[in-house]
1. Could you say which residue among Ile120, Ile90, Ile154 is in contact with a Lys or Arg (Cβ under 6 Å, 6 or more places away or on another chain), in the same structural domain as Pro36 (by TED's automatic domain parsing) and in contact (Cβ under 8 Å) with a residue 60 or more places away in the chain?
2. Filtering the range 235-255 down to residues that are within 20 Å of the chain's Cα centre (by Cα) and assigned to a loop (DSSP other than H, G, I, E, B), which residue is farthest from Thr153 (Cα to Cα)?
3. What are the residue pairs meeting all of these: first residue in the range 137-149, first residue in the same structural domain as Leu274 (by TED's automatic domain parsing), second residue surrounded by fewer than 18 Cβ atoms within 10 Å (Cβ to Cβ) and of a type in the set (Val, Ile, Thr), Cβ atoms under 7 Å, and 6 or more apart or on different chains?
4. If a residue has to be buried (at least 22 other Cβ atoms within 10 Å of the Cβ) and farther than 23 Å from Leu85 by Cβ to count, how many in the range 121-134 make the cut?
5. Got a number for residues in the range 285-322 being over 20 Å from Asp377 (Cβ atoms) and either in a strand (DSSP E or B) or more than 15 Å from the chain's Cα centre (by Cα) (or both)?
6. Before we move on, is Leu329 over 22 Å from Ile29 (Cα atoms) and either outside the structural domain of Gly95 (by TED's automatic domain parsing) or in a helix (DSSP H, G or I) (or both)?
7. Ile356 - would you say it is surrounded by 21 or more Cβ atoms within 10 Å (Cβ to Cβ) and either of a type in the set (Asp, Glu) or in contact with an Asp or Glu (Cβ under 7 Å, 6 or more places away or on another chain) (or both)?
8. Restricting the search to the range 355-373, which residues are out of contact with any Ser or Thr (no Cβ under 8 Å at 6 or more places or on another chain) and within 14 Å of Lys143 (Cβ to Cβ)?
Amino acid sequence: MIKLIKILCALKFGVFLLFFQMASANEKIKIGLLIPMTGSNKEIGQSIIKAVSLAIKDIDDNLIEIYPKDTASRPNQALKSAFELKQMGIKVVIGPVFYESLAYLNEINDLTFLSLTNKILDLPENVISAGINSTSQFNTIKKFLKKNKVDKTIFLTPIQEYEFEIKKGIKESKIKTFKEYSYNTDPTKLTKQIEEITKYKIRKQNLEDEITRIKNSNDPNKEKKIKRLEKRYTIGNLNFDAVVIADFDESLKSVTTSLLYTDVKPQNKYFITLNQWFDESLLKEKDLQPLYFPSINKENFDSYKIKYFNAFNEDPSHLSLLSYDLVGLVYYLSLESNLSNLNKLFKKQNSFKGKIGIFDVKNNKINHRLNFYKIEDEQLIKIF
């Protein structure tokens, strides 16, 4: 069996477990940081800088040097800043944050970028996506479906900019699909599409026909049967066991509401969605519960948030958690090899453990081994 797990680092509070010695006591570990320091996203950049400072404090090695540069959330500024980092002799950069800022980075040779984006399509060769990508999420959903022997799952994907990312994740995870649908998020069109997908009108007509049949029958108990039927909305089995909804926020709630309207209930069919970063508003949506989703480790995330709040008296962004882990990853890799060979290390099959959980590296890709949760009775429950 291929050796899968190399233990990354044990930052304070169990972030990483480090059992390696420095190859050189004098060699500085220079890490570039490409983040929005000006513009509308500057607060995200500030949160990342704070998270990086926490990571450095926990590693407790004065050989680490961080060099922040501004992207202003613009690709041309990201290129300019990346070039400046290269001129400083830096070989590895955490960032940029947003996919749009990656556009010109393939023009910078000899630098490896660990971007916080979760997109994996059309990345420059020197960029590695470190976000929670769709493949990681579908790998986890696949595990849940297999564990519960769910054979017929339909996939609902909104017609949005990330639609093809979702489809790539489905393909790469090799998850078993029964049917796949793309839907329009416009509420006036969404409900009609869900009606068609669930064959709502046919099932509703089945109910009306059955009530009429019983009314015209000689059945002595027909009044009781009719009263029971009148409490229902439809008759007829659905030809799927689970529905995966690749959506978020109010749009996710609109889809689940449409499913409820068409008499598809989460008590009878698994309602599964993607990583919601523990959106607390979902706890209040009792009608769509139980709701299942993959995510990072909740206990680790909570301990990190407490650490961050105690240090800065504010709540962190989830992107800052990614950057916190990436500092530890780069530190570990610097013990394994010269940072100029970092790209080669990412082509090998290795696994590391961080606050997010275990993440696997191979062929310049990072996939995360996620946990799986459900929200039921207004409570968050860990499945695995």
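1. Ile90
2. Going through the qualifying residues, I end up with Phe248.
3. Phe144/Ile383
4. 3
5. Within the range 285-322, the subset over 20 Å from Asp377 (Cβ atoms) is 294, 296-297, 299-322.
Add one more test, that the residue is either in a strand (DSSP E or B) or more than 15 Å from the chain's Cα centre (by Cα) (or both), and what stays is 294, 299-300, 302-316.
Selection size over the range 285-322: 18.
6. So Leu329 does not fit the description; no.
7. Considered against the rule, which asks whether it is surrounded by 21 or more Cβ atoms within 10 Å (Cβ to Cβ) and either of a type in the set (Asp, Glu) or in contact with an Asp or Glu (Cβ under 7 Å, 6 or more places away or on another chain) (or both), Ile356 comes out as yes.
8. Scanning the range 355-373 gives a single hit, Gly357.
The values are calculated or read from the model by the stated rules, or taken from the named source; none is laboratory data. Since we're looking at a predicted model, the values are computed, not measured. Neighbour counts are summed over all protein chains in view; Cβ atoms, including those assigned to glycine, are modelled from backbone coordinates with ideal geometry.
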